[in-house]
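Colleague: Below is the structure I would like to discuss, written out as structure tokens.
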Amino acid sequence: MIRLSPARRTAVQRFAPPLLVLLSVALIVLSKADSALVGALRRGASEFFSPALGLLSRPIEGGANLVRGASDWVEVYRRNEQLLRDNRRLLAWRQAALALAAQNAELRGLLKLVPEHALSYLSARVIADSGGAYAQSLLIDAGSADGVRRGEAVLGEGGLVGRIAGVGRHVARVLLLTDFNSRIPVFVEGKEPLRAILAGDNSSYPVLRFLPAKAPVEKGEQVVTSGIGGLFPPNLPIGVVSGVGGAGPRVAPYARVSETAYVRVVDYGLEHALPALAANGARGARPRSRSGASRER
Amino acid sequence: MTLQTLSLKKGRRVEAAAARLLPIATTAVAAILSVLPVPIPGYRGITPAFTLMAVFQWTVYRPDLLPPAALFLIGIGEDLITGAPLGTTALLLLLARTLVLGVRRFFGRRPFLFVWAGFIALSGAAMVFLWALNSLFDWALLEFHGTVFRLALTVALFPMASFLLGRTQRALLPAS
């Protein structure tokens, strides 16, 4: 500990609080002005804390599994009945899917369609979750060393949860699609597919924006990624339209982020899309201007 | 003085010094607690402000052991991990400390309900402040109703946090 003379000590005690307040305000302004520098700081801090966070999130995950296990035991009979019912229904769907897949392959052959990029997946564990209502992001325990790159889509159980917004060596930040800064190009699959942007507003139900005027969006219609902009693969399931009116049609995401301890990062061969941007000069061309994806904090 | 009593005294001194770190340590633990993923639906939006609870408690009872520099560092650390605009939590904690320092003498030797009421007022102000700051940062009027639930949960959990912190304080720290 540093020993200070009493006079100096009173001086420090008097001036430290206002100085630190000023410093905090300066940092807020800085994080608004220079997101690159703050992003680098965040990456460093996430990297530094990730081993501890990874370790500490284990007992919580274990506890949750215990509770889930107990409730599974209680519901085992009812769950079994339901699964048997689902199984019968799904077998019928399987037949339908196989028939459609065969037909699809045949039609593709006839049309000489350019094959899509093959997707590859990488699973990662969620190690931190932003508390608070104003920043909706996750930290996962995979980074550039594992092949995770910025902009990649992230899937949870059931559908899209967000995209990679920052990458460290062994840790990455996922910007959730519910975050205020998230913008994802989508199709609303109604009678005819409609293009729109799915915009987060920190609520659990993101809003569809930039729909064609008087677009007939109805409750229950499915929303999927459109792949426009080339950053996201097309046709990843996102959710269903849960309500129309107010700020616009809202979407209930399929993926329940808070209940999944693991997510999957989708590698869509981004190298094909990004070198062109990099060649145009890193400053001028940002991926977001192309994809309509969001700006960053 | 024999060698034994000397080393005993030294041991006590080390113990006492470690105990003086208790407020900083528990506040840091509160910050970590608020970033850990908890598998409860909708929990993210309403994560209780654990750090604010610790800051309130220690600033009322042992402000000498929770210096502003520690609050600043803990706040910055929390912002870096959660992805909130850097500096917001630090600013919030520092302002909360200043506010509580101004009124803490009213809380001395009062019943707990009185202290709780003080915390309710502080966390209400803190939630409005955070909402305003984030709205300003994003230059848009952000949703407020999630914040109301967050406030309710924070206020409801405070008695337990206060009890636990008070218990550790009495067990480990001598009265100031």
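Colleague: Run down B:Ser123, B:Ser135 and say which single residue is at pLDDT below 95, among the hydroxyl-bearing types (Ser, Thr, Tyr) and under 30 Å from A:Ala199 (Cα atoms). Please lay out each step first, then the result.
Modeller: On the way: B:Ser123 fails: at pLDDT below 95.
It is B:Ser135.
Colleague: Please verify whether the range B:96-109 includes one or more residues that are touching a helix residue (DSSP H, G or I) at 6+ places or on another chain (Cβ under 6 Å), within 7 Å of chain A (Cβ to nearest Cβ), within 30 Å of A:Arg173 (Cα to Cα) and at pLDDT 95 or above.
Modeller: Checked the range B:96-109: no residue is touching a helix residue (DSSP H, G or I) at 6+ places or on another chain (Cβ under 6 Å), within 7 Å of chain A (Cβ to nearest Cβ), within 30 Å of A:Arg173 (Cα to Cα) and at pLDDT 95 or above.
Colleague: Moving on to the next point. Only helices (runs of 4 or more DSSP H) wholly contained in the range B:1-83 count here; list those with 3 or more residues that are more than 12 Å from the chain's Cα centre (by Cα) and at the interface with chain A (Cβ under 10 Å from one of its Cβ atoms).
Modeller: The helices (runs of 4 or more DSSP H) meeting that bar are B:43-46, B:68-82.
Colleague: Kindly provide the set of residues from the range A:1-55 that are among the charged types (D, E, K, R) and outside any helix (DSSP H, G or I), ordered by number.
Modeller: Correct list: A:Arg3, A:Asp34.
Colleague: Right, here's the next one. Would you say A:Ala142 is open to solvent by 10 Å² or more (accessible area, probe 1.4 Å), farther than 30 Å from B:Leu136 by Cα and away from every other protein chain (no Cβ under 14 Å)?
Modeller: no
Colleague: Is it true that some residue in the range B:52-64 is open to solvent by 50 Å² or more (accessible area, probe 1.4 Å) and touching a residue at least 40 places away in the same chain (Cβ under 8 Å)?
Modeller: Within the range B:52-64, the subset open to solvent by 50 Å² or more (accessible area, probe 1.4 Å) is B:61, B:64.
Right, trim to touching a residue at least 40 places away in the same chain (Cβ under 8 Å) and you get B:61, B:64.
For the range B:52-64, residues open to solvent by 50 Å² or more (accessible area, probe 1.4 Å) and touching a residue at least 40 places away in the same chain (Cβ under 8 Å): present.
Colleague: Can you go through A:Leu83, A:Leu113, A:Leu90 and tell me which one is among the hydrophobic types (A, V, I, L, M, F, W, C), free of Cβ contacts under 8 Å to residues at least 40 places away in the same chain and not in a helix (DSSP H, G or I)?
Modeller: Exactly one residue qualifies, and that residue is A:Leu113.
Colleague: Looking at the range B:144-176 only, could you name the residues that are open to solvent by less than 80 Å² (accessible area, probe 1.4 Å), more than 14 Å from chain A (Cβ to nearest Cβ) and within 16 Å of B:Met53 (Cβ to Cβ)?
Modeller: Within the range B:144-176, B:Val155, B:Ala156, B:Phe158, B:Pro159, B:Ala161, B:Ser162, B:Leu165, B:Gly166, B:Thr168, B:Gln169 qualify.
Colleague: Go through the range B:132-143 residue by residue and tally those that are farther than 16 Å from A:Gly200 by Cβ and more than 8 Å from every other protein chain (Cβ to nearest Cβ).
Modeller: Our first condition is that a residue be farther than 16 Å from A:Gly200 by Cβ; within the range B:132-143, this holds for B:132-133, B:136.
When the remaining residues are screened for being more than 8 Å from every other protein chain (Cβ to nearest Cβ), the result is B:132, B:136.
The qualifying residues number 2.
Colleague: Being over 25 Å from A:Val266 (Cα atoms) and within 14 Å of chain B (Cβ to nearest Cβ) narrows it down to one residue among A:Ala64, A:Ala124, A:Ala135; which is it?
Modeller: One residue alone meets the criteria, A:Ala64.
The values are calculated or read from the model by the stated rules, or taken from the named source; none is laboratory data. Values in this document were obtained by computation on a predicted structure and should not be read as measured data. No Cβ is skipped: glycine too gets one built from the backbone with ideal geometry, and neighbour counts run over all protein chains shown. Heavy atoms of the whole protein, side chains included, go into the accessibility calculation; ligands, DNA and RNA do not. Shrake-Rupley method; radii C 1.70, N 1.55, O 1.52, S 1.80 Å.
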